[in-house]
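The values are calculated or read from the model by the stated rules, or taken from the named source; none is laboratory data. In this text, all values refer to a predicted model and were calculated from it rather than measured experimentally. All Cβ positions, even for glycine, are placed from backbone atoms using ideal geometry, and neighbour counts span all protein chains on display.
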Amino acid sequence: MALKPPEPAGIQVSRAPSSGAVTDADARAVEGSVLTTTVDRVVRWARRNSVWPVQFGLACCAIEMISAAQSRYDIARFGSELFRASPRQSDLMIVSGRVSQKMAPVLKHIHEQMLEPKWVIAMGDCASCGGVFNNYALVQGVDKLVPVDVYVAGCPPRPEALLFGFTKLQELIARGTRRRPS
Amino acid sequence: MTGAAAEALARTLAGLAVAEERFRDEVTLVVPAERILEALGQAREAGFAVLTDLTAIDRLPVEPRFEVVYLLTNYTTPARVRIKVRVDADDPVLPSAIPVYPGANWLEREVFDMFGIRFDGHPDLRRILMPDDWEGHPLRKDFPLVEEPVHFVGHVPKVPSAIIPKTPRTPPTPPR
Amino acid sequence: MSELARETLVLNMGPHHPSTHGVLRLILELEGEVILRADPVIGYLHTGFEKEMETRTYHQNIVFPPRIEYLATMIEEHAYVLAVEKLLGVRAPERAETIRIILAELSRIASHLVWLGTSAIDVNVTSMLMYCFNDRERVMDILEMVSGQRMMHGYMRVGGLQWDVPAGFTEQVRAFAEALPARLDEYERLLSDNLIWRERTEGIAVLSYEDALRYGCTGPIGRGSGVRYDVRKAFPYGGYETYDFDIPLGSRGDSYDRYTVRMEEMRQSRRLILQALDRLRDGPVIVDDRKVALPPRGELVRSMEAVIHQFKLVSEGFHPPAGEVYSAVESPRGEKGYYLVSDGGNRPVRARVRSPSFNNLQALPVMIYRNMVSDVVVAIASIDIVLGDVDR
């Protein structure tokens, strides 16, 4: 009796004739396991699922941002596993809190140090429009300094609101929409 | 608070003080500017070891314009007392309280930043809250709040602080 | 050679820094790793609260205090409304005072949990942030149930509270208070005898008793240095004089003592909450004075006077007598006081916020003198500053 090594279970061994022609079964197997797309879409998929924010907590909204990153409103499940301390290693700046006159150049500097592509979420009313404080000390909206992609309203916005804004940003990245010129 | 210690201090400083105000159980002593360090020193001797707060009030248009307020606390027999100095508007300057209370350092910088009142003898009198090149002293009454008016459809744009306007002391209500 | 030995390095830390607990900038002068001089630069979060509060009525100003110290929001509101009530000469009814004490102590626990989580993560105990914020979420649930908002509640009013607590409040608070000691025991098991934690915090950033008095350091940082001063005991307010609680004191004034003081304070807060829950009786939650507090809605359809009072209070606000008051509470950082000056009008002439973090931070250069650069992070964490409170 000829000894043959046993065929491992589960692996389809091709019985194709040695002529090399591709059968229908092969074509269907390939279609089921390969997808065609554009490079852009793959890159956008990768970018939107791994947006790393820079740690830029300024005031009260920062506490809700930290809560959004903790175990109840886990932001890591959306891909933001890490809030990087260095702007060079991050994609997203969540401006969480009020921007004072003294802090404005610092914010601009940090934003310039971030590498493209980068996005900005203005979290809270103070970052969006100056909020409750309409006075000499605060910049009335961070979009006077940096281009903003998503505004999340609230004082402070709930962590769920921030996550909603975050998913809006992910949709924006997926569509590849250019941000509106500010 | 009117504790025995505050009363005792009020008596001790009675010679120095030019006025005494009492409202809701609190003692405020007004001393002239040239005797303020003496008053603070005596308060410290009397057990008021902590300078809890140092601030100023702009009483425009009343003259003298500024009142610099020192809030002192005695931790052992809990008591509080306020010592006030009235300062004129043109070239407001006071001696620095740092020799008596070292904690006055930042507090005096803040008063300088917000009101423009200088403190002689302060080692490092510069702005603390506003940017270093800021012009003006924000908490003065003639420094505007710098509000942007809020636009509503169909209404005249208003600044938020004008929505409920300032009303002065209530006039007596007419009898019903 | 002696020239080289004295060469110092000036290092800038912040304002954008993961461990400065906000936008604080430190300019450190180092000799090797040893700090010779530290110069904190603040003002990066200056919001102009005091000027804003001069342009609004006393009732409108309730919005601002929780945004100043945003970690212990109920305590901030408590501080402000107590000052206005003192100015007016009214006192909130007993049920309102009891509920205020419960909410204030819950806020204190929440704030200390944030301190513990962020201090621990600064020393790289990364899981503590998750644990502490998880516990804090339970406090946030209670505060949300009561006021509708997780932070910035706007729940306390001049004369009492906005509305009564909903059904289920006492059960939820009691459940939280019952579950708290087990959590605190677990944190202490992790940290208190931990060799790394002790090495990093014992003997670090020592503040002597004299320096604590000199710089007016109150709160856990003063008590950690042995200063026996707690506003709730020294100048009791809002009903605290009738409650039974202890003040933990440290002896050495280092970061470890401040840690133990805060852990014990959380337990004492729990004790206060349980006592307050037992004392909760039915009654009104806002004072009956129509010149100060809005009339209940039902009365508006029955009484013309109620409508007029409502109109005057909303469109103009109340007019306190001319005078000035200073009223302080014990916030998790120290003595938080409001100095309100009134001239009889509907807006304060001056609303000064006595900020505990401002005075405490002033002592930082004294505390970290001759410590190493890596201890600055532990020192800032142990002072537990809130930059909104420092800069106002």
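Some values worked out for this structure:
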quantity: Verdict on residue B:155 being part of a loop (DSSP other than H, G, I, E, B), of a type outside the set (A, V, I, L, M) and at pLDDT below 90; calculated: yes
quantity: Single residue of region C:83-100 satisfying the filter (among the aliphatic types (A, V, I, L, M) and in contact with a Gly (Cβ under 6 Å, 6 or more places away or on another chain)) that is farthest from residue A:65 (Cα to Cα); calculated: C:90
quantity: Members of region B:1-44 that are assigned to a strand (DSSP E or B) and among the charged types (D, E, K, R); calculated: B:20, B:21, B:22, B:26
quantity: Single condition residue C:64 does not satisfy, out of (1) crowded, with 23+ Cβ neighbours inside 10 Å; (2) within 22 Å of residue C:332 (Cβ to Cβ); (3) touching a residue at least 60 places away in the same chain (Cβ under 8 Å); calculated: (3)
quantity: 3 or more residues among the basic types (Lys, Arg): qualifying helices (runs of 4 or more DSSP H) within region A:13-109; calculated: A:39-48
quantity: Residue in region B:147-157 that is surrounded by 16 or more Cβ atoms within 10 Å (Cβ to Cβ), touching a residue at least 12 places away in the same chain (Cβ under 8 Å), touching a Phe, Trp or Tyr at 6+ places or on another chain (Cβ under 7 Å) and not small (Gly, Ala, Ser) present; calculated: no
quantity: Residue under evaluation residue C:158, criteria (1) in contact (Cβ under 8 Å) with a residue 60 or more places away in the chain; (2) at positive phi, criterion not met; calculated: (2)
quantity: Residue within region A:142-154 that is in a helix (DSSP H, G or I), farther than 27 Å from residue B:142 by Cα and either facing another protein chain (nearest Cβ under 10 Å) or within 19 Å of the chain's Cα centre (by Cα) (or both) present; calculated: no
quantity: Residue that is farthest from the chain's Cα centre (by Cα) [pool: residues in region C:305-336 that are within 20 Å of residue C:49 (Cα to Cα) and within 7 Å of chain B (Cβ to nearest Cβ)]; calculated: C:317
quantity: Search result, residues across region B:93-105 that are surrounded by 22 or more Cβ atoms within 10 Å (Cβ to Cβ) and under 15 Å from the mean Cα position of the chain (by Cα); calculated: B:94, B:97, B:104
quantity: Filter pass, residue C:158 being away from chain A (no Cβ under 13 Å), of a type in the set (A, V, I, L, M, F, W, C) and surrounded by fewer than 24 Cβ atoms within 10 Å (Cβ to Cβ); calculated: no
quantity: Residue satisfying all of: in region C:179-224; touching a Ser or Thr at 6+ places or on another chain (Cβ under 7 Å) and assigned to a helix (DSSP H, G or I); farthest from the other protein chains (Cβ to nearest Cβ) among these; calculated: C:201
quantity: Subset of region A:31-64 (residues that are aliphatic (A, V, I, L, M) and within 15 Å of the chain's Cα centre (by Cα)); calculated: A:42, A:43, A:46, A:51, A:54
quantity: Answer from A:125, A:26, A:91 - the residue that is more than 9 Å from chain C (Cβ to nearest Cβ), surrounded by 13 or more Cβ atoms within 10 Å (Cβ to Cβ) and without any contact (Cβ under 8 Å) to a residue 24 or more places away in the chain; calculated: A:26
quantity: Within region C:318-392, helices (runs of 4 or more DSSP H) holding 2 or more residues that are out of contact with any Cys (no Cβ under 8 Å at 6 or more places or on another chain), among the charged types (D, E, K, R) and surrounded by 22 or more Cβ atoms within 10 Å (Cβ to Cβ); calculated: C:387-391
quantity: Test result for residue C:350, basic (Lys, Arg), within 14 Å of another protein chain (Cβ to nearest Cβ) and within 30 Å of residue B:51 (Cα to Cα); calculated: yes
quantity: Qualifying residue in region C:104-116 (condition: facing chain A (nearest Cβ under 10 Å), acidic (Asp, Glu) and under 18 Å from the mean Cα position of the chain (by Cα)); calculated: no
quantity: Those residues of region B:124-133 which are touching a helix residue (DSSP H, G or I) at 6+ places or on another chain (Cβ under 8 Å) and surrounded by 15 or more Cβ atoms within 10 Å (Cβ to Cβ), in sequence order; calculated: B:125, B:127, B:128, B:129, B:130
quantity: Residue C:140 vs. criteria assigned to a helix (DSSP H, G or I) and out of contact with any strand residue (DSSP E or B) (no Cβ under 9 Å at 6 or more places or on another chain); calculated: yes
quantity: Matching residues in region C:27-53 - criterion: being without any contact (Cβ under 8 Å) to a residue 60 or more places away in the chain and of a type in the set (A, V, I, L, M); calculated: C:27, C:41
quantity: Evaluation of residue C:106 against (1) surrounded by 20 or more Cβ atoms within 10 Å (Cβ to Cβ); (2) of a type in the set (A, V, I, L, M); (3) in contact with a Ser or Thr (Cβ under 7 Å, 6 or more places away or on another chain) (one fails), failing number; calculated: (3)
quantity: Top-ranked residue of region B:49-88 - restricted to ones that are assigned to a loop (DSSP other than H, G, I, E, B) and within 11 Å of chain C (Cβ to nearest Cβ), ranked as surrounded by the fewest Cβ atoms within 10 Å (Cβ to Cβ); calculated: B:62
quantity: Residue that is in contact (Cβ under 8 Å) with a residue 12 or more places away in the chain, surrounded by 18 or more Cβ atoms within 10 Å (Cβ to Cβ) and more than 9 Å from every other protein chain (Cβ to nearest Cβ), where the choices are C:24, C:11; calculated: C:24
quantity: Scope region C:50-61; condition surrounded by fewer than 24 Cβ atoms within 10 Å (Cβ to Cβ) and either within 19 Å of the chain's Cα centre (by Cα) or modelled with pLDDT of 95 or more (or both); matching residues; calculated: C:50
quantity: Some residue of region C:225-238 being in a helix (DSSP H, G or I), closer than 24 Å to residue B:71 by Cβ and in contact (Cβ under 8 Å) with a residue 24 or more places away in the chain; calculated: yes
quantity: Residue in region C:94-110 that is touching a helix residue (DSSP H, G or I) at 6+ places or on another chain (Cβ under 8 Å), within 25 Å of residue C:239 (Cβ to Cβ), outside any helix (DSSP H, G or I) and of a type outside the set (A, V, I, L, M) present; calculated: no
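Results for (1) buried (at least 20 other Cβ atoms within 10 Å of the Cβ); (2) under 19 Å from the mean Cα position of the chain (by Cα), shown as yes or no for each residue.
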{"residue": "C:153", "(1), (2)": "yes, yes"}
{"residue": "C:177", "(1), (2)": "yes, no"}
{"residue": "C:189", "(1), (2)": "no, no"}
{"residue": "C:222", "(1), (2)": "yes, yes"}
{"residue": "C:231", "(1), (2)": "yes, yes"}
